[in-house]
Structure formats: C-alpha cells, structure tokens
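The structure appears below as structure tokens.
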Amino acid sequence: MTDTARRVALINDTRSYVGPYLARALASRGHDLVIGNPAEGLVGELTALGATVEAVDGIRDLSDGVSSDRLVAAAMERFGRIDSAAAATGRIVVGRFTQSGVEDLDAVYQGCMKAPYHFLRAVVPVMVEQGDGQVLLITSAAGARPTPGAPLYSAARAGATMLARNVADEVARNGVQVNVVGTNYMDFPEFLAATGATDPEVRAKVEARVPSAAWAPWTSSPTSATAFTDGSSHFTTGQFVAYAGGWA
C-alpha cells in the first residue's frame, strides 16, 4: 500500500470516450489514479502530471460482475482508499419499440443497468466504510426524456439514474455522494454510428434537434465530470445533470 495524502480516483475505462480526458483532468488536480484499460501512452502522461498510477487491463464489461471488483481490489492494495470513482457504461440500442425483441432488452439491461449496479456495489461499501467518497456515473441524457428511435435505451438509462439517486439517498449520511452526468449529442464515433450521422445530410437533421445547434466534442465532457469527482464539493448528491446542449 502506498502512503499518500493525495486523493485517489478510480476510472473504469480510460481507453476511449470520457475516460482518458477525465484521468488527465484529475491528475492535473493532484489525484493518484486507478485506471482500467489505459490508452497507449496514457500512463506516461499521467505520471508526468505527478500522479501515481495503477493500471488494470482486461476491464471490459462492467456487467460481468468481476471487473469492478478487480478495480476496487487494485485500488485498495495500492493506495488503501478510494476518494472518487467514475464509470461510463452502456450500450446504445436503437430501433422502434414495436420492432424490438427481448434480445434488445437484454442488451440494454446488461450495459445500462447491470453494469452500473456492479460498479456501485463494488465502490460504495468501501466509501461508506471510509466515511467519505464521491461516485459519478456517466450515462446518457436519453434517460431524462422520451427518445424516439431508442425507447429501450432511454428507459434503461432512466433506470440507472434512479438507481444512483436511490443509492445517494441511502448513503448520504455516511459522507458519500453519488451523482449522474448524462450526455447526448456528443461528437464521438459510437453516437455517429448509432444515429447514422456519419452521413452529412443525416447529421444536419440530427443536429437540428439540439437547442444549442451544435454538438459538443466528446473531449469536453470532463468539464462536467470533474465537479463531481475532484473533491471540491461535498454537498451535492443524488443529482442528474444533462450535458446535451439543452436537449434535456
């Protein structure tokens, strides 16, 4: 175990999407890190920023019930505590409800409900025992309103948000905060593929749905995530914040 006065942050996946950028932001704010699936060169970058880094490979699907436990075990062995923990989970499943099958429901349940359940179940008891900690789930703003073309995904995301809010209520007196940031209309490959927005004409139609009239680059999302993970606020819990250009 490393003797450190620095905060320790755990991030489930730092290979893509928000993970690498959030890791850099927290390292620059004086955090040591436990990271899953680091992108090539990321550990060196974080170390150069002053962070001590514990990297855990093979953390793919948090719904497996093992990956979250592995991350927590690595954090406790190396640092002896977890001050903040963030996870981006989910699988985008599109299509009309009347054309869906139970296999589609199973897919969104695995990625959008079971995965965050296992993550929360792994990290929250550690923080309760400590009497302090911050947890952030990064989900989707699709869970905040009906989403044409993605009803199962929207419903599962709403379920994950309510799960987090219930957990937040349960552990608030233990000094633990649990919050959710839901993104949508982010300019990243999975969203482009799911909406067909790799086609410029389709993209223009999809962009027209967003009040801000523009999508956010997915590299910008850590700006909303760090507020719930960097230790600067301990009085906000059980909240859902949409990062979706006014769409939700």
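The values are calculated or read from the model by the stated rules, or taken from the named source; none is laboratory data. Computed from a prediction, not measured in an experiment: that's the story for all the values here. Heads up, the Cβs are rebuilt from the backbone with ideal geometry, glycines too, and the neighbour counts pull from every protein chain shown. Quick note on the areas: whole protein, heavy atoms, side chains included, nothing else; ligands and nucleic acids left out. Shrake-Rupley method; radii C 1.70, N 1.55, O 1.52, S 1.80 Å.
Here are a few things to note about the model shown:
- Candidates Glu45, Glu201, Glu170, ranked by Gaussian network fluctuation over the chain, Cα under 10 Å, top entry: Glu201
- Residue order for His31, His234, His118 - accessible surface, 1.4 angstrom probe, largest first: His234, His118, His31
- Each of Ile82, Ser233, Leu136 was placed along the dipole of the chain (beta-carbon charges, centred on the mean Cα), and the one lying farthest toward the positive end is Ser233.
- Ligands, DNA and RNA excluded, the heavy atoms of Phe79 present near 10 Å² of accessible surface to a 1.4 Å solvent probe.
- Cα-centred dipole magnitude for segment 101-167, charges only on beta-carbon of K, R (+1) and D, E (-1), debye, nearest 20: 180 debye
- Highest mobility in the GNM of the chain, judged by mean-square fluctuation with C-alpha springs under 10 Å and restricted to Thr139, Thr147, Thr226, is found for Thr147.
- Reciprocal mean inverse distance between Cα atoms of segment 1-126 - Kirkwood radius, Å: 15.1 Å
- Peptides 102-110, 123-131 ordered by packing proxy, namely the average of other Cβ atoms within 10 Å per residue, highest first: 123-131, 102-110.
- Distance between segment 62-90 and segment 23-51 - C-alpha centres, whole angstrom: 16 Å
- The 3J(HN,Hα) values that the Karplus relation (6.51, -1.76, 1.60; θ = phi - 60°) gives for segment 94-108 are, in residue order, 10, x, 6, 4, 5, 10, 8, x, 5, 5, 5, 4, 4, 5, 6 Hz. Gly and Pro appear as x.
- Its relative contact order, with pairs defined as Cα atoms under 8 Å and 6+ residues apart, puts segment 1-154 at 24 percent.
- Once the mean of 1/r is taken over each pair of separate Cα atoms and inverted, the chain shows a Kirkwood hydrodynamic radius of 18.2 Å.
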